[in-house]
Amino acid sequence: MGLTLGELAVRFGCELRGDPTVMVDRVGTLAGAAPGALAFLANPQYRAQLAATRASAVLLDEASAASCPVAALVHSNPYARYAHIAALLHPEPPAAAGVHERALVDPSARVAASASIGPGAIIGPRCTIGERVRIGPSCVLGADVQVGEDCRLHARVTLGPGTELGARACLQSGAVVGSDGFGFAREGAGWTKVPQLGRVRIGADVEIGANTTIDRGAIEDTVIDAGVKLDNQIQVAHNVHIGEHTVIAACTGISGSTRIGARCMIAGMVGIVGHLDICDDVVVTGLSMVSHSISTPGVYSGGIPAAPAALWRRVVGRFKRLDALAERVTRLERGAHSSNRRT
Amino acid sequence: MGLTLGELAVRFGCELRGDPTVMVDRVGTLAGAAPGALAFLANPQYRAQLAATRASAVLLDEASAASCPVAALVHSNPYARYAHIAALLHPEPPAAAGVHERALVDPSARVAASASIGPGAIIGPRCTIGERVRIGPSCVLGADVQVGEDCRLHARVTLGPGTELGARACLQSGAVVGSDGFGFAREGAGWTKVPQLGRVRIGADVEIGANTTIDRGAIEDTVIDAGVKLDNQIQVAHNVHIGEHTVIAACTGISGSTRIGARCMIAGMVGIVGHLDICDDVVVTGLSMVSHSISTPGVYSGGIPAAPAALWRRVVGRFKRLDALAERVTRLERGAHSSNRRT
Amino acid sequence: MGLTLGELAVRFGCELRGDPTVMVDRVGTLAGAAPGALAFLANPQYRAQLAATRASAVLLDEASAASCPVAALVHSNPYARYAHIAALLHPEPPAAAGVHERALVDPSARVAASASIGPGAIIGPRCTIGERVRIGPSCVLGADVQVGEDCRLHARVTLGPGTELGARACLQSGAVVGSDGFGFAREGAGWTKVPQLGRVRIGADVEIGANTTIDRGAIEDTVIDAGVKLDNQIQVAHNVHIGEHTVIAACTGISGSTRIGARCMIAGMVGIVGHLDICDDVVVTGLSMVSHSISTPGVYSGGIPAAPAALWRRVVGRFKRLDALAERVTRLERGAHSSNRRT
């Protein structure tokens, strides 16, 4: 499907600098786009690629527009405009409404007529599936699951009993929502399993990445608020609460009963200890260990960059003797002090 | 289902302080329970919530019983008692015995009459499935798998060829047991795959979390002993051996051929190098790197708590120059020594 | 199936020291092998086990051959020879060619006659499946997927739309290839999803571990070159490029748009930041954070070994006050300097 730059400018509220009759029918990168494609420039790191672009037009902000060698669609938030235009130019292939003959829907479930249930999907008793929902192949929904309108489950997603999904939630393949939390009571030589009775409640517009796991609560629920975006292979333990619009990158793990505020940005491979309270607007950089509650918004770090191995070994050796080093400094200070008194 | 406090006290060996005819029919948290619910107090951190609880009764130990404003069920291990009572009050919905018409069971497999095989499950040649086993939807069992009585496989679990599961093992969704170990021999410019011929043997009462992976052995077997509890997204490489009643939290990875003793407690996101020997009764705290064998029981740590980013950057900068700092101290010590001799 | 040592020596180019008529019919470890088995010695760490082996023959190199108490098959690369012989002695059970009656293949897909499509597998529109490919139970292939000859997909693998697999690629259970990259544009209070339009292209002879995830590119493709070996639970973000014959161990995560060169060896639980360029022949040891590009081949480290908790606490306390310690040393140096001038 093609659109003129004039149509795009009007529809998406951009200022057009260039020929409004030029057509674009796809998106491309600044460096890789061929004529007919629309590129965008949002990260200043890539501005050097602007001069040589072969795109028919570029979406960018005012500051970059002057250097654009082709037609420019100017907007103060070019990346978000790009997201909307890309969705328009590259619509997903439609899914046929209805229940595939190889899906299995419990007779007590209610499935909206416009929903699409893929082959091999299994929908448990008393589930409700909203309008235009797409359930991919081989998904498994336990009993009493509620899926809000326009949700999208890719292939092989599991939703445990009682899970609630708000509207427009999107779950990637292999995600497991509602597995048992990890609760065991020590008894004798071993461990007795503590029944996990809570559910997982997920708000609207939430994204859940591939092979991410979210455990059901022990007694009360695990809660993911609206607008939260979770990347792949994230682990969310029982009774965690994640606030609105918080974004978490891949491979991060959050231990049980921790609360994370709204609008936080947690980078990849971060480990967050249980029973903490992280306030709103906290940024945590990659590979950090968060072992205490955070009550002040701001940026927190805990990762140490890798170094050449020989240097690293030396520094780690010193690190392990840091206590002794500090004591040597203390002795020197005492000596200097007495020496000063003597002179 | 409701029970009186009198019945519970008798059945679970608790001392009752309060009216034996009071009924409870569910569990709840101290803070969230309504009348009719039984709460528990096991973690002293929550003792402040006791005074205001609306639960009909609370399970707790002798030390806390005096401050309990409602009926008290007193036991020295209230959390384990809670686990048993919760299982009684909230029984899992029964699974219909038999093989679902959309399951596929190889004719050479033996399935106990009381077992339940869910829709989409695939049971390979010569498998044996014990009494009262529940195999969830879309599980895949390769050839020659043995599943002990009362095992529970949630949806979409994979068991590779020859896997053995002891009685009462519980596997969460997405777990993969018996995938090929990561073995490659360097040859010319590339790598030649080394056939992975061992199996995975899992003892009784083992829990395996969602999307956890356990590789089959290269020649001999990967072994998980009885009572081991593995959380979500754990990686267990080929030929690892984990001893009885060891508990491992989410996102931890164990490299090939490492042996972990009995009754260990390994926290989350710990990385354990290959070919190590960790003795019994070792505790490892979160985000630690275990790169040497451990022969003394005790607590080991390797994680550094995150700090505000500006402070962290300064400290990391110092860390990288730690070797130079130590040399500066050595020079000062030499100077102090010669200065002392001079005076 | 049994073979004589004479046949093995000829077929695999080894020098035989011993009776060529001795038969072996399986492989075993040095310590565990019984008569009839062939063992190997590749890691000098295990040389002590050679003397007591009960194997009928041992594959080893010239340096170890003299101490071999049984027949020896001598080769300069015994581990790679072992890999080939083990594959011959332990052939995988053949898969029946054809599409299982419980598989679902879109009429527009082309499946080679010698390919095997397992029960519950779903093959989307316009897929092409090469000769002798084995697609395991419950795999899901989206539209336009191309699978090269002799590929092996174990159970429950997902390949998103447009994925390309080179010949002989092997994917373990639960792997997800072609999930959406994690791309969101900030807009108002929340985040707008950026359509992920690229694909994943995977070269020949690539291994992908259990529950590993590889996201499709945002506009251009995510690319895994030939001969790359990825272990379990690895996360590869959108637009990453991994060069030929690079090997990556379990639980490592690679952020978006990073390029990793050829013949690299990345250990387990390493975190690699986005938009970096790692050159060829780089080795990264376990639990490292790679936060800067690397342009010099060599070994890089970033992990700190765990220590007894009491010691660790003290050292971490010192670590956090490292800046103050360095300033104390600076003050001492100034004092020593002025004191030297005074004397």
*Scan the range A:154-166 residue by residue and report those that are away from chain B (no Cβ under 13 Å) and either part of a loop (DSSP other than H, G, I, E, B) or buried (at least 24 other Cβ atoms within 10 Å of the Cβ) (or both).*
A:H154, A:L165, A:G166
*Test: C:T285 is in contact (Cβ under 8 Å) with a residue 12 or more places away in the chain, out of contact with any helix residue (DSSP H, G or I) (no Cβ under 8 Å at 6 or more places or on another chain), within 28 Å of A:G317 (Cβ to Cβ) and not small (G, A, S)*: no
*Take the range B:219-247 and flag every residue that is facing chain A (nearest Cβ under 10 Å), closer than 23 Å to C:I248 by Cα and free of Cβ contacts under 8 Å to residues at least 60 places away in the same chain.*
B:Q233, B:I234
*asked:* Tell me the residue from B:L3, B:L16, B:L59, B:L8 that is within 19 Å of A:T192 (Cα to Cα), among the hydrophobic types (A, V, I, L, M, F, W, C) and away from chain A (no Cβ under 14 Å), please.
replied: B:L8
*Output the residue which, of all residues in the range C:65-76 that are of a type outside the set (A, V, I, L, M) and surrounded by 18 or more Cβ atoms within 10 Å (Cβ to Cβ), is nearest to C:L3 (Cα to Cα).*
C:H75
_So for the range A:209-221 (the condition being surrounded by fewer than 24 Cβ atoms within 10 Å (Cβ to Cβ), modelled with pLDDT of 95 or more and not in a loop (DSSP other than H, G, I, E, B)), does at least one residue qualify?_
no
_Pairs with Cβ under 7 Å, 6+ apart, first in the range C:82-104 and under 28 Å from C:A55 (Cα atoms), second part of a helix (DSSP H, G or I)_ = C:H84/C:F12; C:I85/C:L8; C:I85/C:F12
*Count of the range B:324-334 residues which are surrounded by 13 or more Cβ atoms within 10 Å (Cβ to Cβ) and either at the interface with chain A (Cβ under 9 Å from one of its Cβ atoms) or on the phi > 0 side of the Ramachandran plot (or both)*: 5
*Has the range A:179-186 got any residue that is closer than 19 Å to A:V240 by Cα, assigned to a strand (DSSP E or B), within 10 Å of chain B (Cβ to nearest Cβ) and under 21 Å from the mean Cα position of the chain (by Cα)?*
yes
*Looking only at the range B:306-323, count how many residues are among the small types (G, A, S) and at the interface with another protein chain (Cβ under 7 Å from one of its Cβ atoms).*
3
*asked:* For the range A:120-141, which positions are within 14 Å of chain B (Cβ to nearest Cβ) and either buried (at least 24 other Cβ atoms within 10 Å of the Cβ) or among the hydrophobic types (A, V, I, L, M, F, W, C) (or both)?
replied: A:G120, A:A121, A:I122, A:I123, A:C127, A:I135, A:G136, A:P137, A:S138, A:C139, A:V140, A:L141
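The rows are residues; the columns are (1) under 14 Å from B:L322 (Cβ atoms); (2) of a type in the set (K, R); (3) within 48 Å of the chain's Cα centre (by Cα); (4) outside the structural domain of A:I278 (by TED's automatic domain parsing).
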site	(1), (2), (3), (4)
A:W312	yes, no, yes, yes
A:R318	yes, yes, yes, yes
A:A326	yes, no, yes, yes
A:E333	no, no, no, yes
A:S338	no, no, no, yes
*Identify, from the list C:D231, C:D225, C:D221, C:D215, the residue that is farther than 30 Å from B:I234 by Cβ and not hydrophobic (A, V, I, L, M, F, W, C).*
C:D221
_I'd like to check something: does the range C:63-72 contain any residue that is hydroxyl-bearing (S, T, Y), on the phi < 0 side of the Ramachandran plot, over 31 Å from the mean Cα position of the chain (by Cα) and not in a loop (DSSP other than H, G, I, E, B)?_
no
*Of all residues in the range C:287-305 being assigned to a loop (DSSP other than H, G, I, E, B) and within 7 Å of another protein chain (Cβ to nearest Cβ), which is surrounded by the fewest Cβ atoms within 10 Å (Cβ to Cβ)?*
C:H292
_Residue among C:R186, C:R201 that alone is modelled with pLDDT of 95 or more, within 25 Å of C:P137 (Cα to Cα) and in the same structural domain as C:R259 (by TED's automatic domain parsing)_ = C:R201
*Go through the residues of the range B:87-95 one by one and say whether even a single one is within 30 Å of B:A31 (Cα to Cα) and assigned to a strand (DSSP E or B).*
no
*Out of the residues in the range A:184-205 that are surrounded by fewer than 24 Cβ atoms within 10 Å (Cβ to Cβ) and either in contact with a Pro (Cβ under 7 Å, 6 or more places away or on another chain) or touching a residue at least 40 places away in the same chain (Cβ under 8 Å) (or both), state the one that is farthest from A:D225 (Cα to Cα).*
A:Q196
*Go through the range A:187-218 and give me each residue that's within 7 Å of another protein chain (Cβ to nearest Cβ) and over 24 Å from the mean Cα position of the chain (by Cα).*
A:E187, A:A189, A:G190, A:W191, A:T192, A:K193, A:V194, A:P195, A:L197
*Among residues belonging to the range C:12-23 that are farther than 11 Å from C:S56 by Cβ and touching a residue at least 40 places away in the same chain (Cβ under 8 Å), point out the one that is surrounded by the most Cβ atoms within 10 Å (Cβ to Cβ).*
C:C14
*asked:* When you check B:V111 against the structure, is it among the β-branched types (V, I, T), over 26 Å from the mean Cα position of the chain (by Cα) and crowded, with 20+ Cβ neighbours inside 10 Å, yes or no?
replied: yes
_Here's a check for you: in the range C:268-285, which residue that is away from chain A (no Cβ under 11 Å) and outside any strand (DSSP E or B) is surrounded by the most Cβ atoms within 10 Å (Cβ to Cβ)?_
C:G268
*Every residue from the range B:248-258 that is facing chain A (nearest Cβ under 7 Å) and at positive phi*: B:C251
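The values are calculated or read from the model by the stated rules, or taken from the named source; none is laboratory data. All of these numbers come straight from a predicted model, not from anything done at the bench. As a convention, Cβ positions derive from the backbone with ideal geometry for all residues, glycine included, and neighbour counts pool all protein chains shown.
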